[in-house]
Amino acid sequence: MTADTRVPQTPQAPEGLSRRARYFVEVHGLRVPHRDLTPLRETWLEHGIPAAEIDRAVAFQGRWGGIALPPAPEYEGGPRVLEADVPEGSDAHGWRFPAGGCRVSMGHGFMIGPGGEFGIDADRWTPLHASTEGWVEALALADHAGYWAKTITKIKGGAVDELDLHGFEQVPEVQGLADTWWRGKDSLIAVYRGEAAGFDAPQCLRARIYGGLDAWALGGT
């Protein structure tokens, strides 16, 4: 096993992110030493892990490995550092691999799903975004909205389902699945359903309303 032993450095944002997300990664992120997974390939093959799944983990590590980003608003801050590890699962139920260790002790882990989804492995596998790019876009939008909003309102539990989203449209770049972002005329709403779905716990529903935003602060890409 080998690792990049250089000191932390400013990361180059991966291709495919919005301008806002690229700025977030390159200004607020770091790239820290991370493992080269290639030497583990033969060992993983011997343990029955399909070559295609190993290739997915290696590709993730090359694109995202070692990138440390500011804490997420929910999920106890999200992964400490994006970092792939040994794939787990089966052909029947699909394969996933870790996306990076949690910042604190948690009842779930962050995983990359069979289709590249970024999600949590709680009582059940729950995709949050359709890709890691979606997760990073959501982090960048939360940072942007939190800086410019005149008001931030936090909502919990059943009140989340009572939110009136009439006149709002989904923010496409976050590629929301369990977690979604909504854009209105002067506000952004982030809805976090991951833990509620993953633990079958409606009380874990969370939302944040970022109010008082002008057209620029509404977060165009």
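Side notes on the structure shown:
- Probe 1.4 Å - accessible area at residue 156, Å² to nearest ten: 140
- Dividing the Cα radius of gyration of the stretch 145-221 by 2.2 N^0.38 Å, with N the residue count, gives 1.08.
- Using the 1.4 Å probe convention, the accessible area of the chain works out to 49 Å² per residue with neighbouring protein chains retained.
- Nitroxide proxy distance, nm - points 7 Å out along Cα→Cβ at residue 36 and residue 200: 4.6
- Protein accessible area in the stretch 136-188, 1.4 Å probe - carbon and sulfur %: 50
- Space enclosed by the convex hull of the alpha-carbon atoms of the stretch 1-127, per residue, Å³: 118
- The stretch 49-99-the stretch 126-154 distance, computed between alpha-carbon centres (Å): 20
- Taking 0.36 nm per residue of separation and subtracting the current Cα-Cα distance, fully stretching the chain between residue 170 and residue 156 would add 3.0 nm.
- Computed with the Debye formula from one identical point scatterer per Cα of the chain, without solvent, the log10 of I(q)/I(0) at q = 0.08, 0.18 Å⁻¹ comes to -0.30, -1.34.
- Rounded, prolate or oblate (a/c below 1.5 giving rounded, otherwise prolate when a/b exceeds b/c) for the stretch 118-171 by Cα gyration tensor: oblate
- Set of aspartates and glutamates with alpha-carbon distance to residue 156 below 18 Å, sequence-local pairs under 8 removed: 74, 76, 164, 179, 195, 200
- Max mean-square fluctuation residue, GNM over the chain, Cα-Cα springs under 10 Å, options 196, 84, 52: 52
- Each label was represented as a point 7 Å from its Cα along the Cα-to-Cβ direction; for residue 15 and residue 80 these points are 3.3 nm apart.
- Compactness of the stretch 64-106 - radius of gyration and Dmax, Cα, Å: 12.1, 36
The values are calculated or read from the model by the stated rules, or taken from the named source; none is laboratory data. From a predicted model like this one, the values you see are computed outputs, not experimental measurements. Neighbour counts are summed over all protein chains in view; Cβ atoms, including those assigned to glycine, are modelled from backbone coordinates with ideal geometry. Surface areas here come from the heavy atoms of the whole protein model, side chains and all, with no ligands, DNA or RNA. Shrake-Rupley method; radii C 1.70, N 1.55, O 1.52, S 1.80 Å.
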